[in-house]
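Below is one structure; the comments refer to it alone.
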Amino acid sequence: MHNDNNVAANTPRPGEFWTYTLQLPQDTRAVRVARSTVRTVLQTYGMAQVSDVAELLASELVTNSLLYSDGPSWIRVSNPRTTHVRVGVWDTNPTIPPPFRGAPRPPGPPGWAERGRGLVLVRECADRWGGYAVGEEVFGMCGKLLWFELAA
Ligand SMILES: Nc1ncnc2c1ncn2[C@@H]1O[C@H](COP(=O)(O)OP(=O)(O)O)[C@@H](O)[C@H]1O
Ligand SMILES: [Mg+2]
């Protein structure tokens, strides 16, 4: 299959940068939509080899946004460098959760705990990660953005 420029759809083009942003409702089904969006973007841009991990980590962040914020959330998939994918998830809760506050390696939850592993997993699997508060200039509402990057 070919696109308008006669380049195969999943062939990366050197020096090309792209960003996709999707608004998600407060609906548990949004996790599935977010995962499939991440997969489709990565397959389209020749990064399918990292789509399993990217989907998993994205679903941790999106699930948290549904659990710990009231408003809608947004997911953004981009390639800040042509060799990397970055996934950012913004939500309306301004609190940056402790595992993403930059401490060297916070202790994980005790072995018997049923919760508290998602963000530690993101930290462990991502090549880079971070979080920062975002003001109203970004989407017209305050909140925060948590992000991770994977080398593709
Ligand atoms: N988007 C978020 N906004 C505010 N707090 C969050 C967010 N995501 C996670 N947290 C806080 O960080 C904790 C750890 O998150 P996580 O590692 O995903 O574990 P779990 O979701 O199982 O509690 C959560 O229990 C919550 O208190
Ligand atoms: Mg979680």
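Of all accessible surface on the chain at a 1.4 Å probe, what whole percent is carbon and sulfur? Intermediate results must be reported in sequence, preceding the final value.
Numbers: 4610 of 8600 Å².
Of the solvent-accessible surface of the chain, carbon and sulfur hold 54 percent.
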Taking every C-alpha to C-alpha distance in region 9-54 and binning by 5 Å from 0, the per-bin percentages run 5, 20, 26, 23, 14, 8, 4, 1
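How large is the accessible surface per residue of region 1-100, computed with a 1.4 Å probe and reported in Å² as a whole number?
On the way: 5350 Å² over 100 residues.
On a per-residue basis, region 1-100 sits at 53 Å².
Full-extension gain between Tyr20 and Arg76, please, as 0.36 nm times their residue separation minus the C-alpha to C-alpha distance.
Details: separation 56, 0.36 × 56 = 20.16 nm, distance 0.55 nm.
So the extension gain works out to 19.6 nm.
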Give, in nm to one decimal, the length gained when the segment between Thr44 and Thr83 is fully stretched (0.36 nm per residue of separation minus the Cα-Cα distance). 12.6 nm
Under a GNM of the chain (C-alpha, springs under 10 Å), which listed residue has the highest mean-square fluctuation: Glu60, Glu124, Glu114? Glu114
Return, for the Cα atoms of region 79-131, the radius of gyration and Dmax in Å, separated by a comma. 12.9, 41
Mean residue ellipticity at 222 nm from the helices of the chain, using -39,500 (n - 2.57) per DSSP H segment of n ≥ 4 over the full residue count, to the nearest 500 deg cm²/dmol? -9000 deg cm²/dmol
Give a residue-ordered list of calculated ³J(HN,Hα) values for region 15-29 (Karplus: 6.51 cos²θ - 1.76 cosθ + 1.60, θ = phi - 60°; whole Hz; x for Gly, Pro). x, 8, 10, 9, 9, 10, 10, 10, 7, 10, x, 6, 8, 4, 5
Taking the mean number of other Cβ atoms within 10 Å as a proxy for protection, how do you rank 42-49, 70-77 from highest to lowest? 70-77, 42-49
Under the Debye formula (equal points on every Cα, no solvent term), log10 I(q)/I(0) of region 46-152 at q = 0.10, 0.14 Å⁻¹: -0.28, -0.55
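The values are calculated or read from the model by the stated rules, or taken from the named source; none is laboratory data. All of these numbers come straight from a predicted model, not from anything done at the bench. Reconstructed Cβ throughout: ideal geometry from the backbone, glycine too, with neighbour counts over all protein chains shown. The accessibility values were calculated without ligands, DNA or RNA, using every heavy atom of the protein model including side chains. Shrake-Rupley method; radii C 1.70, N 1.55, O 1.52, S 1.80 Å.
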